[in-house]
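The next block holds one structure in the form of C-alpha cells; read it before the comments.
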Amino acid sequence: MKLAYLLAASILLGCVQGALSDDYVIPEAKKAHWAWMAPVRPPVPTVQQVNWVRNPIDAFILAGMGKAGLTPAASAEREQLLRRITFDLIGLPPTPEEIDAFVSDASPQSWTKVIERLLASPHYGERWGRHWLDLARYADSNGYEFDEDRPNAWRYRDYVIQSFNSNKPYDRFIKEQLAGDELFPDDPHALVATGFHLLGPDMTDSSNQALRRQNTLDDMTETTGLVFLGMTIGCARCHDHKFEPIPQRDFFRLQAFFAPAVFRSDIPFGSAKEMREHAQTMELYQKLVQPTLDEIAKVEAPYRKKVFESKLALVSAAAQEAHRTPSDKRTPAQKKLIATTERLVAVSAAEVRGALTGADADRHKQLQEELKKFDAKKPRLLPTALGVKDGIKDAKTVVLVRGELSNPGAEVDPGFPLILSSGLKESAAPVRSVGAQTSGRRTALAEWVVSKDNPLTARVLVNRLWQQHFGRGIVPTSSDFGVHGEQPTHPELLDWLAVEFMEKGWDVKHMHRLMLSSASYQQSTQVPKEALAKDPKNVWFGRMNVKRLEAEALRDSLLAVSGQLNRKMGGPGVFTPLPAGVVPFKEWKPHPDTKEHNRRSVYLFAKRNMRHAFLDSFDLPDSNLSCSRREQSTVATQALTLFNSAGTAQAAKALAARLEKEAATTEDRITLAIRLTLGRRPTESELQLARDFLRDAPLAEFCRALFNVNEFVYLR
C-alpha cells in the first residue's frame, strides 16, 4: 500500500507540470472564487439565544437568522419529528409502536436513541444508497435503441448499500470507486466499486467501437467532476468552459487518468481464497484439455482464415492493410481503423463450424465430444461484475478539437484542473507508466480527490447530506460549486462542516448525527406570517422545509403500511408485472414469486427505456445523467396514479384486511389507519368524517382516500 501511495504522489506531482505550463490564463475575478479556497474551520458564532443552541450548527443558523431579523420556528410535534427522521434515514414510515415509544420517552436521550436506532438499521443503506445511485446514473440496462440488460450491474448497487450500512469512510469509498483495482486488488468489493465508471448509457452495437469507447471516457470524466468535485467540467469537452476557469485541456488532462482502463463486464467476483482455488482448478483443467484444444484449433485454422478473409474483403483497402499489419507496428491511424472495423471482421465459433466440410467437420465433432469428458474437472464459474481494470500500456490522450474523435489535437498528460492546482509545486515530467500491472494513474487521481488540500470534496459531500435533510443545500446547486453556481447561503457553516467531516475521519454517520441532533433540523414547518414575508424561500433555514416523498419512498410506504413490503435485501433486480397495454421487451419476464414484486423500490430492475410507471409519475430521475437533486413536478398524472393505479388499489385492499385483523371496532380501525398512514392520532373531526364516510363506503376506499391525503405524500 505504501508503494501505491508513493507512486500516486509521483504521478500527482508529475501531472502538475502539464497543468502549469498551459498558456490558458485564469481571469483574476475567477481566481478568488470561494470554492477554490481550502476550507478553514471558522469560529463558532456567539449568539444571544444560547438555550436554543444544541450544537455548533445552530449557532451558525441562528447568526444568519439574526442578520435577517428572524427568530427560529417552534419545535415540531414529536410525532412529526419521528416521521420526518424515519423517512430521512430509512425511507419508510415509523410504526405505531415506534411512535408511542418516542412520544412517551421523556428522557434527554430520547432523540439520540432514535437517531442511533435508525442509523443502525439495514434500511439506512437502502435509503442513502439510493441517493448515491442517483449521482452514479445507475441502471440495469445499457440504454439506446436495443437497451440490453446488464445482468451484473446490481452488484454495484449492493456494494453501495453495504458501504453506507457499514459506515465506510467516505475517502475509502471514493478510492474504491475511482481506483479499487489498483489500490485494493485483492478486495472483490473494491473491484465491484469500479463499476461506477461504466454505469452510464452504452451503445454496444455501435459500428464505431473507437467512438463508443471515447463516449464512455467522456462520460467517466464528466461524472467524476460532477459527483466528487461539484464541477461542471463536462462543459469543457468541446471548448474552454464558457463560465468557469476550466480550459478544454483540463477536460482531457482529467480524462488521461482513465486512458489505460480496460472496460469489463466479466470481472470475477469472489474472495481471495475463492479466486486462488478457482485459478488452481482452472490451471489443472487447462492442462487436461490443452492437447484437444490445440488439435481443434489446427482443424479450424484454415476455415477461420477463409471466413476472416471473406469479411476483410468487404472493408476499405486502408482497413485491410491495418488488419494485416502486426499490432506492434500499426500507426495511430491504423489503430483507429482497427477499433472501428474489428467487429465487422470478427469471426465467431458458429461461423467456423458452419464453414467446416467433409472429414474436418467429422473430426471437429469428435474432438468436441472428447472435450466433454473433462467437464467434471472444469471449475465452477465464478460470479462476475461490471468494472474496470488498468491494462492499456502507453495509453495516450489528445485534445479533441470541438470534442470530435475524428479531429485530434495536441497530446496531453494526466493532470488536475488548473484552478485547483495553483498551490502545488512544479515537478518532473509525468510518470506515464509504472510497473507491469498498473499505470497508477487512477490511484493518483483518487489520492488527489480525497486529499485534505482539495477544497471541494468534503464540501460537496456535506452539502449533499444537508440537502437531503433540510430540503435544500447550503449551496443550492449541489453539483456545481463553480462561479456559475449559486453562492452558499452559510459559507462559514459549510466550511465548519467540511473541516469537521475530514477531521472525524470522513465519517458520514457522524455528520448525520450532527445535523439531525441540531435544533435547526427539529423546527416546525409552520411560521408566523411576518417571518414568511421576510424569508419566503427559507434561505436562512428559520423553519423546516416541507418535503415531498420521493417516488421510491412513496411506493415503499404503500407497501409498508399495508403489510405487503418484502424486506429482503440485495440480489438481482426484480422484474415486476407491467401495466395493462404496455408492450414489454422480450427479456422482460416478471418474477414468478409474487412476493418478490413487493421488494423495496431500490431493488426493482431499472431498465432505461422502460421506466417503472408509478415511479416515473413521481419524478424518477433520468439515469442517463448524474442527478444531484430530483426535480419536483406537480402534474395531474400524479393524482391519477396515486388514486387509480393497480398498486394503490392493491395496497388499499391489503391495508383494509390488516385493519380488520388488528382492530376490532370501526373507530379503532379508523385510528389505526391514520396512525399507519399519517404517523399520528386522528383529531375528533377526522374521526367523525371517517365514520360518516364508512357508512356508505367500504374500508378499502377509506384506505385509498388516506393514500391521497397530502400529509401522506409530504413530510412536515
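The values are calculated or read from the model by the stated rules, or taken from the named source; none is laboratory data. Bear in mind the structure is a predicted one, so any value in this text is a computation, not a measurement. Heads up, the Cβs are rebuilt from the backbone with ideal geometry, glycines too, and the neighbour counts pull from every protein chain shown.
Which of the residues spanning region 101-131 are in contact (Cβ under 8 Å) with a residue 24 or more places away in the chain and among the aliphatic types (A, V, I, L, M)? Across region 101-131, the qualifying residues are 103, 114, 115, 118, 119. Looking only at residues in region 367-423 that are of a type in the set (Val, Ile, Thr) and farther than 28 Å from residue 25 by Cβ, the one that is surrounded by the most Cβ atoms within 10 Å (Cβ to Cβ) is 388. With respect to (1) at pLDDT 95 or above; (2) surrounded by fewer than 19 Cβ atoms within 10 Å (Cβ to Cβ); (3) closer than 24 Å to residue 630 by Cα, the lone exception for residue 144 is condition (1). In this structure, residue 482 does not satisfy being at pLDDT 95 or above, surrounded by fewer than 22 Cβ atoms within 10 Å (Cβ to Cβ), touching a helix residue (DSSP H, G or I) at 6+ places or on another chain (Cβ under 9 Å) and part of a loop (DSSP other than H, G, I, E, B).
Looking at region 168-184 only, could you name the residues that are among the charged types (D, E, K, R) and either crowded, with 23+ Cβ neighbours inside 10 Å or at pLDDT below 95 (or both)?
Narrowing region 168-184 to residues among the charged types (D, E, K, R): 168, 171-172, 175-176, 181-182.
Within region 168-184, 175, 176, 181, 182 meet the criteria.
Identify, from the list 321, 295, 309, the residue that is in contact (Cβ under 8 Å) with a residue 24 or more places away in the chain, acidic (Asp, Glu) and more than 30 Å from residue 179 (Cα to Cα). Break it down into steps so the answer makes sense when it comes.
Numbers: 321 fails: in contact (Cβ under 8 Å) with a residue 24 or more places away in the chain; 309 fails: in contact (Cβ under 8 Å) with a residue 24 or more places away in the chain.
Criteria check complete, one pass: 295.
Condition first: within 30 Å of residue 193 (Cα to Cα) and either outside any strand (DSSP E or B) or modelled with pLDDT under 90 (or both). Can you find one or more residues in region 302-315 that meet it? No: zero hits.
For region 217-237, enumerate the residues that are among the hydroxyl-bearing types (Ser, Thr, Tyr) and not in a loop (DSSP other than H, G, I, E, B). Within region 217-237, 221, 223, 224 qualify. Only one of the listed residues (210, 193) is surrounded by fewer than 21 Cβ atoms within 10 Å (Cβ to Cβ), of a type in the set (A, V, I, L, M) and not assigned by TED's automatic domain parsing to the domain that holds residue 276. That residue is 210. Taken together, 415, 409 contain a single residue that is at pLDDT 90 or above, assigned by TED's automatic domain parsing to the domain that holds residue 235, part of a loop (DSSP other than H, G, I, E, B) and of a type in the set (Gly, Ala, Ser), which is 415. Counting residues in region 246-269 that are within 27 Å of residue 373 (Cα to Cα) and either in a helix (DSSP H, G or I) or in contact with a Cys (Cβ under 6 Å, 6 or more places away or on another chain) (or both) gives zero. Among the residues of region 234-248, those that are within 17 Å of residue 397 (Cβ to Cβ), surrounded by 23 or more Cβ atoms within 10 Å (Cβ to Cβ) and in contact (Cβ under 8 Å) with a residue 24 or more places away in the chain comprise 246, 247. Among the residues making up region 510-532, those that are under 30 Å from the mean Cα position of the chain (by Cα), crowded, with 17+ Cβ neighbours inside 10 Å and assigned to a helix (DSSP H, G or I) are 511, 512, 514, 515, 516.
Under the condition of being surrounded by fewer than 16 Cβ atoms within 10 Å (Cβ to Cβ) and either of a type in the set (D, E, K, R) or at pLDDT 95 or above (or both), the residues counted in region 573-589 number 3. Does region 66-73 contain any residue that is touching a Lys or Arg at 6+ places or on another chain (Cβ under 7 Å), within 15 Å of residue 544 (Cα to Cα) and among the hydrophobic types (A, V, I, L, M, F, W, C)? Yes.
Selection of first residues in region 404-417 that are farther than 15 Å from residue 218 by Cβ and of second residues that are in a loop (DSSP other than H, G, I, E, B) and among the basic types (Lys, Arg), restricted to Cβ pairs under 9 Å at least 6 apart or on distinct chains, gives the following pairs, ordered by first then second residue: 411/396; 413/432; 414/432.
Looking for whichever is assigned to a helix (DSSP H, G or I), among the polar types (S, T, N, Q) and over 25 Å from residue 254 (Cα atoms) here; the options are 163, 207. Which one fits?
Details: 207 fails: assigned to a helix (DSSP H, G or I).
Matching residue, one of 163, 207: 163.
Can you work out which of the residues in region 355-366 that are more than 13 Å from residue 302 (Cα to Cα) and of a type in the set (Gly, Ala, Ser) is surrounded by the fewest Cβ atoms within 10 Å (Cβ to Cβ)? Residue satisfying both the conditions and the ranking: 358.
Filtered by the rule that a residue be among the aliphatic types (A, V, I, L, M) and within 42 Å of the chain's Cα centre (by Cα), region 353-387 gives 376, 381, 382, 385, 386. Considering only residues in region 597-633 that are of a type in the set (Ser, Thr, Tyr) and within 26 Å of residue 673 (Cα to Cα), the one that is modelled with the highest pLDDT turns out to be 601.
Of the residues making up region 593-612, those that are crowded, with 17+ Cβ neighbours inside 10 Å and not in a loop (DSSP other than H, G, I, E, B) number 10. Against the test of being modelled with pLDDT under 95, more than 23 Å from residue 90 (Cα to Cα) and surrounded by fewer than 23 Cβ atoms within 10 Å (Cβ to Cβ), the options 205, 219 yield a single qualifying residue, 205. Checked against (1) touching a residue at least 40 places away in the same chain (Cβ under 8 Å); (2) outside any helix (DSSP H, G or I); (3) of a type in the set (A, V, I, L, M), residue 664 passes all but a single condition, namely (1). Restricting to region 631-651, give me the number of residues that are without any contact (Cβ under 8 Å) to a residue 60 or more places away in the chain, among the aliphatic types (A, V, I, L, M) and part of a helix (DSSP H, G or I). Within region 631-651, residues that are without any contact (Cβ under 8 Å) to a residue 60 or more places away in the chain, among the aliphatic types (A, V, I, L, M) and part of a helix (DSSP H, G or I) number 3. Among all positions in region 167-177, there is no residue which is part of a loop (DSSP other than H, G, I, E, B), basic (Lys, Arg) and under 23 Å from residue 605 (Cβ atoms).
In region 677-716, the qualifying residues are those that are of a type in the set (Ser, Thr, Tyr) and surrounded by fewer than 16 Cβ atoms within 10 Å (Cβ to Cβ), and the one that is farthest from residue 659 (Cα to Cα) is 714. Considering each residue of region 337-364, count those that are closer than 28 Å to residue 317 by Cβ, touching a residue at least 12 places away in the same chain (Cβ under 8 Å) and in a helix (DSSP H, G or I), and give that number. Within region 337-364, residues that are closer than 28 Å to residue 317 by Cβ, touching a residue at least 12 places away in the same chain (Cβ under 8 Å) and in a helix (DSSP H, G or I) number 12.
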